[in-house]
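Have a look at the structure below, then the notes.
The values are calculated or read from the model by the stated rules, or taken from the named source; none is laboratory data. Given the structure is predicted, the values throughout are model-derived calculations rather than measurements. Note that we place each Cβ from the backbone using ideal geometry, even for glycine, and neighbour counts take in every protein chain shown.
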């Protein structure tokens, strides 16, 4: 199997091979053959009488020692994956809620409220009266409401309940999946999946859905609070791929997920340009992004994206990366060893995420600016140790347009119809210029030739006039392949879609159409896409499960992706995954997730590793919904 | 390997064999060989690029696809087990906190405050002013404080901080392991163990300790609130083993962990005696206990214990069990199928714990009494379908003395020294009549011949004049084997210990000495033992890690046991486990847990599957501490 479809990644993979450094693809190959029980989800390690494993083909034991069936085991494992994913997203959100609280209380001078309008919008949405409150008072109230959403209470999680349609709320109430606290939903799943608690597979799946709705709240919180603190993204043009590294600059990569530190680094970097130049870097300090911290920096500061996910090690292997500063999530532990093979300074910053081999500079809101400078100085210092003979920066980089927050999209539509901005979108869906909407999300996965799932599917869907949105590593893949551009629209969009994107581009004063795919941000920013869908549903007076809106994670890898996929299904979306999640060991669970769940939530999973076939299924799902809507 | 050392269990196992019904031992055998990677803890399934497995002997891959080492993987898996155990205990506690709140608000008439003195003690301990408050107001304040402990806040979890020595608090602060919320500690571990977050094994272990301290709080909460709602246990004499089933009665087993429903059933059962008699059961309704719900019923109502843990299926196989009502935790899913083979009605009651094949009668505080009666009526109805030819109740039952709450123990000591009740205990420790104290806890485990670890160790330690306490399945094992009796003291206690237990028995007006082992309750009630240790430490002015107090879980099985073992070590106790937890795949982790941790917390794990050798190590640890104390 090809490792990557990305030319830059392939170029640097040759360096890895030459230097005999094992990257993730090598380590993955060394793991072969992987355990079939684990892949199928039928391995249970939830007590010390195990591990118990069930061969779904009936060879060997059919029950765990306690009597758990394959159905129970698969459901329990899936539940724990959702709980872990929720914990990650909401841990990120809770961090920002605490930052906002410190900002409001005057304890974090580096964190003023950047977007007062967003603060007011969010406050109003969750029912906090804004009148008569100063910005600081309002920020404090929002931060406290955010923190309250983590605790179990008698009312639903506010960030879940206030960001969906009434129809969804009714459905969630009906099936008992309304989360009343984010942390408590996680704990509940962990309790239910311990030895001898919940053995009913469908009951367990519903616990997973409840937790996934808490994940939706956590993601939405993370987006809202980041916008309040750092500004809501606006359209921005930048570049993507390893070619954004600059041989003449001190290159510092911002890697991880939470903008809480990286945004301050972005604000601070230029102050140290002169120091970098004095150290011999004629181009000063060059910040680049990796993974979703990269997406956050791109969305708000136009910081170019170096790479994402499976190819993160390649940034170091260019020999041109002077420092990599990381927060948390999706940061390969291998970076510790790899950085030691180069001059690259790997800097961990969060107490909850340390890596053997890395330097740790602890982050706190109180001294964020100072820490940001310390990190940049470490980069400059490391630059002095760079070995120019080992520098191999691939030339590849693509223009990348990003910054498509919900507000940006509505703003663009407002240029077409000031009084009723959603009307042009809906009109074009109704008249078929836009057949439907697909949100691309999720990771790269070493099992899939990097980016192949994303790019193949996007081209297929664009041809069929499906409006494409993207976040996270998906957006990263599209950026690397030049699909976040006007040119891509011209080349790949069907006529109807091209017309709409061109009209919007013209109205926005661009020289060409909007990009083929709208980059909405990091993986928590999937909620931006959800907000657009909710607004359209509310305007049409139909529920989400009736809209011709679908989602796809063709190369999903993390437990976070499982959590997001689950809430997408609960939100009513046909949701494609291009890798097989560990559920096939239970025919019952597989059937519930791909078929029966449709009767409950309207959404369902489509599992298909072939991008063209998968795109076909999504087009079919869109067509079916259009027909049901009578359009 | 023998399946059980218990004669009653062995008798019923013959029935299982005759009827060709597979019980846990059969299903466990069918799982052989179990996966070595899972047993060693080196299998990672925390993302969909796995499962990755590392052979600790260096055959095959040495790193996961992401670069995670065996150290990281083992630490992550251990962390998740602790999080799950914490979620179980604290889910139980949260349930009771909500019950107490409903009681205080007048919404749950079946739940009056039974123990006002305990309510006041608990309130005072956590800093709630009691003066001028009605009992209802105080109950509300305690319930709200309990619920607040689940949420992240700026202050430590009250139920953790107020139930330890100042020395422990200082140590916990020093190593950054003070939990500030129970649910949030669980979520933090789940976040840290997702793909690409914490890779530092020691940092991960400390996250596990922090979560385990949240588990301590959850356990303590469960004990305190159950005492407030249902009364603090007092000494009680009852019986244990399958022989407590009565061929002439409607036999109803109370199984699970939370007394919230079973206590109401205990209060209600006699009301339906006549109905049972009318149905032909001349002995009326006979409630028996299984697992920790059984322990709760034994401690407060003298309900006899039928069995525990691995032998729970055997209660059904007697053919004499008419109904088994379960709440949650340690309830084998196999019971659903087994009950269908008999007339036994398996009744699930909690929305979070359903079992395929069971009838579900949903519990709520608002209609608990009504539900209790409905359940008993189901038992009576099932009795009518009982096939007398299939009834095989083993004759074995042992007298069992229980009810040794902290208050009971202090009460007994008060009879020796009214003004200074701890003095006689301390004096006897100092003079060597009591060499030290050992708390037996944890489950049975199908890997260990049932009860063999518990009974062998207890006899060895008693001979060496170690005062023995027990909870959970350990107490169950001792009950079955007649060790919770005065006779056992006479037979097995060393002279010093015998003298003390005899003096206490005499003072209490018993005909003989206190039992060889003091049954302190269910597994959450391990905190009762901790309270005694804290009181002694405070009186002596030394920290817990200096006391000659040890703990042992010779047959541990659940993730809950891992959480408890971890807090016992953090509390400073040498803590024995008789099965090998899934950590041996990392020499680093194994060494930290058994050696290096001593330098941090004073406590450490002793892993030894041989009970005699293990008892020797505990006696040695006690001797070492005595020497260090100069006694």
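Could we say that residue B:56 is touching a helix residue (DSSP H, G or I) at 6+ places or on another chain (Cβ under 6 Å) and farther than 30 Å from residue A:192 by Cβ here?
yes
Identify all residues within region B:377-397 that are closer than 18 Å to residue B:316 by Cβ and outside any loop (DSSP other than H, G, I, E, B); write none if there are none.
B:378, B:379, B:380, B:381, B:382, B:383, B:388, B:389, B:390
Checking residue B:216 against (1) under 22 Å from residue B:95 (Cβ atoms); (2) away from chain A (no Cβ under 14 Å); (3) free of Cβ contacts under 8 Å to residues at least 60 places away in the same chain: exactly one of these is not met. Which one?
(3)
Would you confirm, using the coordinates I've provided, whether residue B:239 is modelled with pLDDT of 95 or more and more than 14 Å from chain A (Cβ to nearest Cβ)?
So residue B:239 fits the description; yes.
Yes/no per residue for (1) away from every other protein chain (no Cβ under 14 Å); (2) more than 16 Å from the chain's Cα centre (by Cα):
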residue	(1), (2)
A:248	yes, yes
A:287	yes, yes
A:295	yes, no
A:298	yes, no
A:309	no, no
A:332	no, yes
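Taking the conditions exactly as written (in a helix (DSSP H, G or I) and farther than 19 Å from residue B:317 by Cα), does residue B:239 satisfy them or not?
Answer is no for this residue.
Go through region B:202-238 and give me each residue that's out of contact with any helix residue (DSSP H, G or I) (no Cβ under 8 Å at 6 or more places or on another chain) and within 18 Å of residue B:290 (Cβ to Cβ).
Once the filter is applied, which keeps residues that are out of contact with any helix residue (DSSP H, G or I) (no Cβ under 8 Å at 6 or more places or on another chain) and within 18 Å of residue B:290 (Cβ to Cβ), region B:202-238 yields nothing.
Quick one: is residue A:192 away from chain B (no Cβ under 14 Å) and either buried (at least 20 other Cβ atoms within 10 Å of the Cβ) or under 30 Å from residue B:347 (Cβ atoms) (or both)?
No, not satisfied.
What do you reckon, is residue B:524 within 28 Å of residue B:414 (Cα to Cα) and within 14 Å of another protein chain (Cβ to nearest Cβ)?
Spelling it out, residue B:524 is indeed within 28 Å of residue B:414 (Cα to Cα) and within 14 Å of another protein chain (Cβ to nearest Cβ).
Whether any residue in region A:59-68 is on the phi < 0 side of the Ramachandran plot and assigned to a helix (DSSP H, G or I) is what I want to check.
Within region A:59-68 (the criterion being on the phi < 0 side of the Ramachandran plot and assigned to a helix (DSSP H, G or I)), the answer is no, since none of the residues qualifies.
Going by what's in this entry, would residue A:362 be described as farther than 23 Å from residue A:447 by Cα, surrounded by fewer than 24 Cβ atoms within 10 Å (Cβ to Cβ), modelled with pLDDT of 95 or more and more than 9 Å from chain B (Cβ to nearest Cβ)?
Yes; evaluated as a whole, the condition is true for this residue.
Taking residue B:96 and the conditions (1) away from chain A (no Cβ under 11 Å); (2) surrounded by fewer than 24 Cβ atoms within 10 Å (Cβ to Cβ); (3) under 19 Å from the mean Cα position of the chain (by Cα), which numbered condition does it fall short on, given that it satisfies the others?
(2)
Filter region A:398-415 for residues that are closer than 17 Å to residue A:479 by Cβ and either touching a helix residue (DSSP H, G or I) at 6+ places or on another chain (Cβ under 8 Å) or not in a helix (DSSP H, G or I) (or both) and give the result.
A:398, A:399, A:400, A:401, A:402, A:403, A:404, A:405
Looking for whichever is more than 17 Å from the chain's Cα centre (by Cα), over 25 Å from residue B:395 (Cα atoms) and surrounded by fewer than 24 Cβ atoms within 10 Å (Cβ to Cβ) here; the options are B:511, B:491. Which one fits?
B:511
Go through region B:565-589 and report how many residues are more than 14 Å from chain A (Cβ to nearest Cβ) and surrounded by fewer than 21 Cβ atoms within 10 Å (Cβ to Cβ).
1
Of all residues being facing another protein chain (nearest Cβ under 8 Å) and in a loop (DSSP other than H, G, I, E, B) in region A:340-359, which is nearest to the chain's Cα centre (by Cα)? Just the residue, please.
A:352
When you scan region B:131-155, how many residues do you find that are in a loop (DSSP other than H, G, I, E, B) and either surrounded by fewer than 20 Cβ atoms within 10 Å (Cβ to Cβ) or free of Cβ contacts under 8 Å to residues at least 24 places away in the same chain (or both)?
Residues flagged as in a loop (DSSP other than H, G, I, E, B) and either surrounded by fewer than 20 Cβ atoms within 10 Å (Cβ to Cβ) or free of Cβ contacts under 8 Å to residues at least 24 places away in the same chain (or both) within region B:131-155 amount to 7.
Kindly provide the set of residues from region A:4-39 that are in a helix (DSSP H, G or I), in contact (Cβ under 8 Å) with a residue 60 or more places away in the chain, within 14 Å of another protein chain (Cβ to nearest Cβ) and surrounded by fewer than 24 Cβ atoms within 10 Å (Cβ to Cβ), ordered by number.
Within region A:4-39, A:16, A:25, A:27, A:28, A:39 qualify.
On the given criteria, is residue A:352 surrounded by 22 or more Cβ atoms within 10 Å (Cβ to Cβ), in contact (Cβ under 8 Å) with a residue 24 or more places away in the chain and either touching a strand residue (DSSP E or B) at 6+ places or on another chain (Cβ under 7 Å) or within 24 Å of residue B:588 (Cα to Cα) (or both)?
Against the criterion (surrounded by 22 or more Cβ atoms within 10 Å (Cβ to Cβ), in contact (Cβ under 8 Å) with a residue 24 or more places away in the chain and either touching a strand residue (DSSP E or B) at 6+ places or on another chain (Cβ under 7 Å) or within 24 Å of residue B:588 (Cα to Cα) (or both)), residue A:352 does not qualify.
Would you confirm, using the coordinates I've provided, whether residue B:260 is in contact (Cβ under 8 Å) with a residue 40 or more places away in the chain, within 21 Å of residue B:369 (Cβ to Cβ), surrounded by 24 or more Cβ atoms within 10 Å (Cβ to Cβ) and over 23 Å from the mean Cα position of the chain (by Cα)?
no
Whether any residue in region A:158-175 is within 8 Å of another protein chain (Cβ to nearest Cβ), part of a loop (DSSP other than H, G, I, E, B) and either over 19 Å from residue A:223 (Cβ atoms) or at pLDDT below 95 (or both) is what I want to check.
No, the conditions are met nowhere in region A:158-175.
Can you pull out every residue in region A:176-188 that is more than 8 Å from chain B (Cβ to nearest Cβ) and touching a residue at least 60 places away in the same chain (Cβ under 8 Å)?
Answer for region A:176-188, where residues must be more than 8 Å from chain B (Cβ to nearest Cβ) and touching a residue at least 60 places away in the same chain (Cβ under 8 Å): A:177, A:185.
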